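Below is one structure, written out as structure tokens, with a few remarks after it.
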Amino acid sequence: MRKLPALISIATVAVLALAGCSGSPSDNTGAAGIACVDSGTASEAVKVSGKAGAEPKVKFESPLTTKATEVSVVTEGKGDAVKTDDIVELGFSVYNANTGEKMNAGGFGDDLGAPITLAKDSSVFPALMKGVACANYGSRVAVVAPPADAFGETGNEELKVGAEDNIIFVIDVKSEIPPRANGEDQKPEDGFPTVKLAEDGAPTVTIPATDAPTELKTSVLKKGDGATVAEADTVVMHYSGVVWSTGEVFDQTWGKSGPTPISLAAVVPGFAQGLVGQTVGSQVMIAIPPELGYGAEGQPDAGISGTDTIVFVVDILAAG
């Protein structure tokens, strides 16, 4: 479905699979069974200012190092506590604590934040998990992490992170993203595949015994009442893609690491066209003919020929 649309940003780097679980826990346990981490000399040395929701001003003296992850609460949120399996939207600023360099920031103001899932088997950076697991929604926290809880013993050459570099995360715990479309059910339209949802919301798509449509077709299965998706948006979504001619699933997020953020600028044209104008909370079916999909070359490795129409069922969970 995607044209290799990896979101090359710290938001994507933040969900790369890493091992490690260091830190000095308190007696409390937060979401996903993660021990709440105390503040310390390093995290308290990070001075954070600025209005809630806006990108913070961050000051610290480098090099700043710690042997175990430390978490300081900058602002205590008034929302509910983050829970196990919550999909949490984050605003984040990231700094190399050894060099003092700002690495990246995002998710502040009206920008869509980075989603992470607070699951026990999560592949999210341990430092991010520890920063969020014991927070309330609306909180801002400062995290200082050693390599073991961040980029690991190899660092990250692309981001100029050395093997011994500590990392600072300043995190806004913005909101909970629903795990599935929660809009109002709509009457099924004739001529479209049928969809049956599993208990967790995962769709099973059954293709009708009819010819595939030769033009782009969309059908709203659930109508949400959230924001309208715009052409330049990144959308947090669950999706399942099926080849019309075979009924086989060729790509999906269900059963993997959870919903994913995808830029509509990085997908096949029909996919973007089918989502623009839809609303957050909706579940939408999109039938995409070859010329608006993978074209005459298809995607042989995925079982898609140059003449195949493809069908997506998309849960629109957040956009911005």
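The values are calculated or read from the model by the stated rules, or taken from the named source; none is laboratory data. Everything numeric in this text was worked out from a predicted model, so none of it was measured. Positions of Cβ are generated from backbone atoms using ideal geometry, with glycine treated the same way; all protein chains shown enter the neighbour counts.
In the stretch 309-320, is there at least one residue being modelled with pLDDT of 95 or more, part of a loop (DSSP other than H, G, I, E, B) and of a type in the set (Gly, Ala, Ser)? The answer is no; no qualifying residue exists. Note on the stretch 246-265: residues that are under 11 Å from the mean Cα position of the chain (by Cα) and among the hydrophobic types (A, V, I, L, M, F, W, C) amount to 1.
Okay, residues lined up against (1) surrounded by 24 or more Cβ atoms within 10 Å (Cβ to Cβ); (2) aliphatic (A, V, I, L, M); (3) closer than 26 Å to PRO179 by Cβ:
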residue: PRO213; (1), (2), (3): no, no, no
residue: GLU248; (1), (2), (3): no, no, yes
residue: GLY258; (1), (2), (3): no, no, yes
residue: SER263; (1), (2), (3): no, no, yes
residue: GLU291; (1), (2), (3): no, no, no
residue: LEU317; (1), (2), (3): yes, yes, yes
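Before we move on, is GLY113 on the phi < 0 side of the Ramachandran plot, within 17 Å of the chain's Cα centre (by Cα) and modelled with pLDDT under 95? Taking the combined requirement at face value, the residue satisfies it.
This table checks each residue for (1) surrounded by fewer than 20 Cβ atoms within 10 Å (Cβ to Cβ); (2) without any contact (Cβ under 8 Å) to a residue 40 or more places away in the chain; (3) closer than 11 Å to LYS174 by Cα.
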residue	(1), (2), (3)
THR66	no, no, no
SER72	no, no, no
LYS83	yes, no, no
ASP86	no, no, no
GLY100	yes, no, no
LEU112	no, no, yes
PRO115	no, no, yes
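Here VAL71 meets the list (1) assigned to a strand (DSSP E or B); (2) aliphatic (A, V, I, L, M); (3) closer than 29 Å to THR234 by Cα almost entirely, failing just condition (3). For LYS120, the conditions (1) within 18 Å of the chain's Cα centre (by Cα); (2) at pLDDT below 95; (3) surrounded by 19 or more Cβ atoms within 10 Å (Cβ to Cβ) all hold with the exception of (3).
Quick check: is even one residue across the stretch 252-263 closer than 16 Å to VAL280 by Cβ and either free of Cβ contacts under 8 Å to residues at least 40 places away in the same chain or β-branched (Val, Ile, Thr) (or both)? Taking every residue of the stretch 252-263 in turn, at least one turns out to be closer than 16 Å to VAL280 by Cβ and either free of Cβ contacts under 8 Å to residues at least 40 places away in the same chain or β-branched (Val, Ile, Thr) (or both). Tally time: how many residues in the stretch 152-184 are more than 13 Å from PHE92 (Cβ to Cβ), within 20 Å of the chain's Cα centre (by Cα) and buried (at least 24 other Cβ atoms within 10 Å of the Cβ)? The total comes to 1. Per the conditions (1) of a type outside the set (A, V, I, L, M); (2) without any contact (Cβ under 8 Å) to a residue 60 or more places away in the chain; (3) surrounded by 13 or more Cβ atoms within 10 Å (Cβ to Cβ); (4) more than 17 Å from VAL143 (Cα to Cα), the sole criterion not satisfied by LYS47 is (4).
Checking the stated criteria, ALA105 turns out not to satisfy the condition of being touching a helix residue (DSSP H, G or I) at 6+ places or on another chain (Cβ under 6 Å) and not hydroxyl-bearing (Ser, Thr, Tyr). Within the stretch 253-272, identify whether any single residue is in the same structural domain as ALA212 (by TED's automatic domain parsing), touching a helix residue (DSSP H, G or I) at 6+ places or on another chain (Cβ under 7 Å), part of a loop (DSSP other than H, G, I, E, B) and more than 24 Å from VAL88 (Cα to Cα), and answer yes or no. Within the stretch 253-272, one or more residues are in the same structural domain as ALA212 (by TED's automatic domain parsing), touching a helix residue (DSSP H, G or I) at 6+ places or on another chain (Cβ under 7 Å), part of a loop (DSSP other than H, G, I, E, B) and more than 24 Å from VAL88 (Cα to Cα).
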